[in-house]
Amino acid sequence: MGVDQRPLAIALMGPTASGKTAAAIALAKAYDGEIVSVDSALVYRGLDIGAAKPDAAEQDGIRHHLLDLRDPWQTYSAAEFSTDATEAVRDIVARGKLPILAGGTGLYFRALLQGLSPMPEADPVIRVAIAAEAEICGWPALHAQLAQVDPVAAARIHATDPQRIQRALEVYRLTGKPISYWQGLPGIARLPARVLKLVLAPADRAVLHQRIERRFDLMLERGFLEEVRALRALPQMAAVAAPLDLPAVRAVGYRQAWQYLDGLGTSAEFRDKGVFATRQLAKRQLTWLRGELDARWFDPVRDMSGVQNAVSRFLQG
């Protein structure tokens, strides 16, 4: 068997608030790297405080890729991410630097590292029709409808996840085949690199919950609600009939802030809902990460030196 000539890359994964950004910057400094964001919220302009997007000071001179690619009223698919991330990695490698893929969006990581299954293009007419049905009967009812035609997908998709419910029903109505069929087809266009997968996750779940709570409170102190008010005031956002269905607004924390500014609940209730939603996101991310059998796990509280050692050994071959 020949020597693997593919370029090397690091995938730094983990649940929200696990310290991925700081760790990625430390690795980039230590190994002359650049960071490719693997985060479905950071691609949107204007989602800064609530998405924990690193500003210029936090980036600390390290080049970051795939931030601020779309306006908040636009969409961005996993296929688009895979293409953009692959181009970014090739550019980083061509300049002799180490690509560090950092984030917590499992769908993006799967699209990039495992390849995408052939999937039908979006159909705007069908999407509008599904959204109209949801306005009448609610997304849980459409989730029940999905369970009838694609129980495999329905078991994976939560009844409060409108984006994935809509896409699954769209694919079925467009092709007559469930989305689980398409997802089961062999993946194509994987990232042409040899990747070391590292997971940052506190061993004690209570520690992660405390970090999530502290970070959400800090976001509020930094002006998270003012940020969402500014988004709501954009003419393009005001023109959207159902802003809560936009991927940007569905980002954790933003939906809860939007609903609060619509007059739903008290400030204390909003804060509690935001923290709870972030914890639920972390739980889903950990479930996905446990399926990454070739990943190495490290506790960011106690074992950051282990991360450095793992990267050093990987780069030395």
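The values are calculated or read from the model by the stated rules, or taken from the named source; none is laboratory data. Owing to the predicted nature of the structure, the values given are computational and were not obtained by experimental measurement. Here Cβ is always computed from backbone atoms with ideal geometry, including for glycine, and neighbour counts include all displayed protein chains. The accessibility values were calculated without ligands, DNA or RNA, using every heavy atom of the protein model including side chains. Shrake-Rupley method; radii C 1.70, N 1.55, O 1.52, S 1.80 Å.
Surface composition of region 95-193: carbon and sulfur atoms hold 61% of the protein heavy-atom accessible area at a 1.4 Å probe. Once backbone amide H atoms are built at 1.01 Å from N, His65 has Ile35, Val36, Ser37 as its partners under 5 Å, excluding neighbours fewer than 5 places away on the same chain.
Database remark: amide H of Gly115 closer than 5 angstrom to the amide H of Leu191 (H placed geometrically; neighbours at sequence offset of 5 or more, or on other chains; Pro and chain starts carry no H).
Rounded, prolate or oblate: which one fits region 115-220, using the alpha carbon gyration tensor with axes a ≥ b ≥ c (rounded when a/c is under 1.5, else prolate when a/b beats b/c, else oblate)? Write down the numbers at each step before the final one.
Values: a/c = 2.37, a/b = 1.34, b/c = 1.77.
Oblate, since a/c reaches 1.5 and b/c is not below a/b.
Between region 219-267 and region 72-139, what is the C-alpha centre distance in whole Å? When both Cα centres are located, 22 Å separates them. The residues of region 93-192 expose on average 51 square angstrom of accessible surface per residue, using a 1.4 Å probe on protein heavy atoms.
Taking Cα pairs under 8 Å and at least six residues apart, what relative contact order does region 203-317 come out at, in percent?
Values: 44 pairs, mean separation 27.1, N = 115.
The normalised contact order for region 203-317 reaches 24 percent.
Packing, as the average of other Cβ atoms within 10 Å across residues, places the peptides 99-111, 209-221, 293-305 in the order 99-111, 209-221, 293-305, highest first. I need the calculated FRET efficiency for the pair Arg222 and Val152, taking r as the beta carbon distance and R₀ as 30 Å, to the nearest 0.05. Once the sixth-power term is evaluated, E becomes 0.10. Label zone (Arg290, point 7 Å along Cα-to-C-beta; backbone nitrogen cut-off 16 Å) within region 140-169: 156. Between Arg164 and Val3, the modelled label-to-label distance comes to 4.3 nm, taking each label 7 Å out from Cα in the direction of the beta carbon.
Packing, taken as the mean count of other beta carbons within 10 Å per residue, orders the peptides 243-256, 12-25 from highest to lowest as 12-25, 243-256.
Once you've got the Cα coordinates, tell me which of Lys20/Lys273; Lys53/Lys97; Lys53/Lys197; Lys53/Lys177 are over 31 Å apart. With Cα atoms farther than 31 Å apart: Lys53/Lys177. Subtracting the Cα-Cα distance of Arg215 and Thr83 from 0.36 nm times their residue separation leaves 44.4 nm of extension gain. Between the beta carbons of Glu133 and Ala94, assuming R0 = 51 Å, the FRET efficiency works out to 0.60 to the nearest 0.05.
Taking the simple approach of a point 7 Å from Cα along Cα-to-Cβ for both Arg63 and Val301, what is their distance in nm? Modelled inter-label distance: 3.7 nm. Would you calculate the separation in nanometres between label points at Leu174 and Val207, each defined as 7 Å from the Cα along the Cα-to-beta-carbon direction? Going from the Leu174 label point to the Val207 one covers 4.4 nm. Within 12 Å, Cβ to Cβ, of Phe216, how many net charges do the neighbouring residues add up to if Lys/Arg are +1 and Asp/Glu are -1? Cβ neighbours under 12 Å give a net charge of +3. For the chain, the share of DSSP beta bridges that are antiparallel, to the nearest 5, is 5%.
Note: relative contact order over the chain, using C-alpha pairs below 8 Å and six or more positions apart, is 26 percent. Annotation: extensible slack from Gln280 through Leu315 equals 9.1 nm (criterion: 0.36 nm per residue apart, minus Cα-Cα distance).
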